[in-house]
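A.B. asks: Can you read through this structure? Questions will come right after.
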Amino acid sequence: TDLSRIRNFSIIAHIDHGKSTLADRLIEFCGAIEAREMKAQLLDNMDIERERGITIKAQTVRLNYKAKDGEIYQLNLMDTPGHVDFAYEVSRSLAACEGSILVVDASQGVEAQTLANVYQAIDANHEIVPVLNKIDLPAADVPRVKQQIEDVIGLDASDAVEVSAKSGINIDGVLEAIVTRLPPPKGDAAAPLQALIVDSWYDAYLGVVVLVRVVNGELRTGQKVRFMATGATRELDRVGIFGPKKMLVDRLGPGEMGFVTAAIKDIRDTKVGDTITEERRLAATPLPGFKPSIPVVFCGLFPTDAADFEDLRESLGKLALNDASFQFEMESSAALGFGFRCGFLGLLHLEIIQERLEREFNLDLITTAPSVVYRMHMNDGTMKEMHNPADMPDPVKIDRIEEPWIKANIMLPDEYLGGVLQLCTERRGIQKDLTYVGGRAMLVYELPLNEVVFDFYDRLKSISRGYASFDYVLEGYREGDLVKMSILVNNEPVDALAMIVHRTQAEYRGRQLCERLKDLIPRHLFKIPIQAAIGGRVIARETIAALRKDVLAKCYGGDISRKRKLLDKQKEGKKRMRQFGEVEIPQSAFIAALRMG
Ligand code: GDP
Ligand code: MG
């Protein structure tokens, strides 16, 4: 295809502003042309049958649009994930395109993720077309939101496209803007092959599927290619596109996007950001690639029932096949037995994986407190990264500890400002900026990530009655006065409850945790002290009173069958308990105790 007839673009938006709805409308609008004028070869019927019911991870869709100038354009729509946790993935999707459609809800205006996405698109040198969506709503205020886009983002909004994705108003206006206002890709079909790996995933029928953007040269079925990072060579057995159904094509040329398969067994052979070149005619250099997605939040996942350990291992392995940013390794805990230490891009990522394990793989799990990655600078000059508070070295050997900080953008209605400022201050935040745009406050704060992972987002939402939006980027590491707080139950430390806290927060968090545990651990025959300690120093303490003897005496009286029932019941209850020394701690306590409020 002539490069001047190709446009590669992403749709970026704050959540709920209408990205998916608009994408559907664009696909629908172009669908008619597809059937008539596109020469494509469908995968055989067998495969389509097999694929039914399987969610295809089609992150790119090729559309054929007949523009007002009479020409047919190939539009490649690249999907982007919509949450702050996946900012890295957004940047790599954007790297495969030349332009972005910025969707802003005309009844809501610019939100935190609108900004975060725009900054990334600007970083990727994108041409950006603003689209005001939901103009069918009575609350839509087009002039105000245009002004906002100019004031807050600094984009010219005078020719923003006004649409209603839901009612299908002015969809062709968006398509015309894509063709006339976004630049075509550049590339050389005669040059040695350079194709960027944008994503890869495992498909039960096709094996590893590799999503690519060709920059120079051509990809063809039967071609022998080399993956430049690993040096692995393969023969391509399929070259295709999503239209949005999978379709095979003869070739992919410069500027085009699509997928290839090559009997690849291990997804790790296809590194996202790597360059594919031709074995016969190697490219001199790989393409620039991307920053890798690095896990920033770690927690332990343990099976409630120890017998599920192998199932858990297998399930984690399956999830990791399609999610290169998810990591796990085996871990053992005195309190929880064998499990896995897992790394995530953020809390939402953690929740998604946990939910999938419970729903799709039918596993009952205990999650330990999420922790960020600390850098321990030791007295001997070495540096260790710590993913688990249980691994904290002896404090006398540590010179200093550094923790990750973020830069957060928070946008909210003015009336909630006081509460949000207080929250940020409590979480050791440093205010960098406060501006007002059309009745909304825009706050920029630097915050330690460790203060955000627990419940910052929940608190922000509740303080602002759901009206605040939040987005962040990692800034870097800074030294902090950090200590390990241990929790002792009946004088024994429980490793799964240990956490790293800032010294100024230790007493408050310690007291809160002890109070929680007091309510969560049932009474025993003896008194149980619960303590929070830093090193050998106790900073908070609660006591669970002993059960009274006469209550028990009553329980154990009566006839034999009643006694048996009681014993059975106790046994059942036991499954949900963890024996710790002489104390039984219910599983629910581990999560509930850590939900700070
Ligand atoms: P996304 O999170 O950006 O992908 O947003 P969705 O496309 O899922 O849309 C969020 C909600 O807004 C859904 O309930 C849509 O039906 C609704 N929506 C999207 N576009 C319009 C529109 O043009 N007008 C109205 N009234 N609602 C819309
Ligand atoms: Mg959506």
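A.B. asks: In the range 337-368, which GluC sites (Glu not before Pro) fall in coil by DSSP and have 13 or fewer other Cβ atoms within 10 Å?
C.D. replies: GLU360
A.B. asks: Name the residues whose placed amide hydrogens come within less than 5 Å of the amide hydrogen of ASP471, ignoring near sequence neighbours (fewer than 5 apart) on the same chain.
C.D. replies: Residues meeting the amide H criterion: ASN409.
A.B. asks: On to the next question. With each pseudo-label sitting 7 Å past Cα toward Cβ, what's the ILE15-LEU434 distance in nm, one decimal?
C.D. replies: If labels sit at ILE15 and LEU434, their model points lie 2.7 nm apart.
A.B. asks: If you don't mind, another one. From the cross-link list LYS271/LYS407; LYS134/LYS461; LYS271/LYS384; LYS19/LYS166; LYS384/LYS484; LYS271/LYS318, which pairs have alpha carbons spaced over 20 Å apart?
C.D. replies: Distance filter (> 20 Å) returns LYS271/LYS407; LYS134/LYS461; LYS271/LYS384.
A.B. asks: How big is the gap, in Å, between the Cα center of the range 273-349 and the Cα center of the range 461-538?
C.D. replies: Here the answer is 27 Å between Cα centres.
A.B. asks: Given charges of +1 on the Cβ of Lys and Arg and -1 on the Cβ of Asp and Glu, with all other atoms neutral, how large is the dipole of the chain about its Cα centre, in debye to the nearest 20? Mind dumping the intermediate values first?
C.D. replies: Details: 76 positive and 86 negative charges, 379 e Å.
Using Cβ point charges on Lys, Arg, Asp and Glu, the chain gives about 1820 debye.
A.B. asks: So if I place +1 on the C-beta of Lys and Arg and -1 on the C-beta of Asp and Glu, and nothing else carries charge, what would the dipole magnitude of the range 496-549 be about its Cα centre? I want it in debye, nearest 20.
C.D. replies: On the way: 11 positive and 4 negative charges, 43 e Å.
Using only the charged Cβ atoms, the result is roughly 200 debye.
A.B. asks: On to the next question. Set Lys and Arg Cβ to +1 and Asp and Glu Cβ to -1, take the dipole of the chain about its Cα centre, and tell me which of ILE11, TYR467, CYS299 lies farthest positive.
C.D. replies: CYS299
A.B. asks: Also: Given H placed on each backbone N at 1.01 Å, which residues far from THR80 in sequence or on other chains put an amide H within less than 5 Å of it?
C.D. replies: The answer is ILE11.
A.B. asks: Taking θ = phi - 60°, what integer Hz values does the Karplus form 6.51 cos²θ - 1.76 cosθ + 1.60 yield along the range 387-393, in sequence order, with x for Gly and Pro?
C.D. replies: Values, residue by residue: 9, 9, x, 5, 8, 4, x Hz.
A.B. asks: Next question, about the same structure. As an exercise, use a Förster radius of 45 Å and the Cβ-Cβ distance of ARG537 and LEU3 to find the FRET efficiency, rounded to the nearest 0.05.
C.D. replies: Calculated value: 0.05.
A.B. asks: To continue, here is another question. Quick one: if the Förster radius is 30 Å, what FRET efficiency do ALA546 and MET330 give, using the C-beta to C-beta distance and rounding to 0.05?
C.D. replies: 0.20
A.B. asks: Figure the gain on full extension for ASP364 and ALA204 (residue separation times 0.36 nm, minus the Cα-Cα span) and round it to one decimal in nm. List each step's numbers first, then the result.
C.D. replies: Details: separation 160, 0.36 × 160 = 57.60 nm, distance 2.56 nm.
Computed gain between ASP364 and ALA204 is 55.0 nm.
A.B. asks: Between the range 143-198 and the range 375-452, how many Å separate their Cα centres?
C.D. replies: Using only Cα atoms, the two centres lie 35 Å from each other.
A.B. asks: For THR382 and GLN147, calculate 0.36 nm times their separation in residues minus their Cα-Cα distance, and state this gained length in nm to one decimal.
C.D. replies: 79.3 nm
A.B. asks: Here's another thing I want to ask about it. Stretch ARG523-ARG281 to full length: gain in nm at 0.36 nm per residue minus the Cα-Cα span?
C.D. replies: On the way: separation 242, 0.36 × 242 = 87.12 nm, distance 7.40 nm.
In short, 79.7 nm is gained.
A.B. asks: Can you give me the distance in nm between label points at LEU248 and SER462, each placed 7 Å from the Cα along the Cα-to-Cβ direction?
C.D. replies: Label-label distance for LEU248 and SER462, simple model: 5.7 nm.
FYI, it's all coordinate maths here, none of it is from the lab. Computed from a predicted model, the values in this text were never measured in an experiment. Every residue, glycine as well, gets a Cβ built from its backbone with ideal geometry; the counts of neighbours run over all protein chains shown.
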